[in-house]
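Here is the structure we will look at, set down as structure tokens.
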Amino acid sequence: MTTQTQTRRIGVPEIRARKGTEPIVSLTAYTTPMARMLDPHVDFLLVGDSLGMVVLRL
């Protein structure tokens with residue numbers, strides 16, 4: 001059973017307006033499940049596996 005919550009999306013103009021006045025919360029998620037868990041709690045989220053590309057490179 002999954003539950004979906006409505007997440008308010010913000011854009012670049014709102015982030016720029018907050019710069020220097022209010023903290024902006026940003027995190028990086030390396031997997032889709034982690035991104036889904038973090039999304040409601042941050043202003044913006046970077047999603048990618050560039051760390052895996054570096055760590056697993058032989």
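The values are calculated or read from the model by the stated rules, or taken from the named source; none is laboratory data. All values derive from a computational prediction rather than experimental measurement. All Cβ positions, even for glycine, are placed from backbone atoms using ideal geometry, and neighbour counts span all protein chains on display.
In the list Arg16, Arg57, which residue meets the criterion of being charged (D, E, K, R), surrounded by fewer than 12 Cβ atoms within 10 Å (Cβ to Cβ) and at pLDDT 80 or above?
Every option except Arg16 fails the conditions.
With the requirement that a residue be over 8 Å from the mean Cα position of the chain (by Cα), modelled with pLDDT of 85 or more and surrounded by 10 or more Cβ atoms within 10 Å (Cβ to Cβ), what does the stretch 23-53 give you?
Result: Ile24, Val25, Met34, Arg36, Met37, Pro40, His41.
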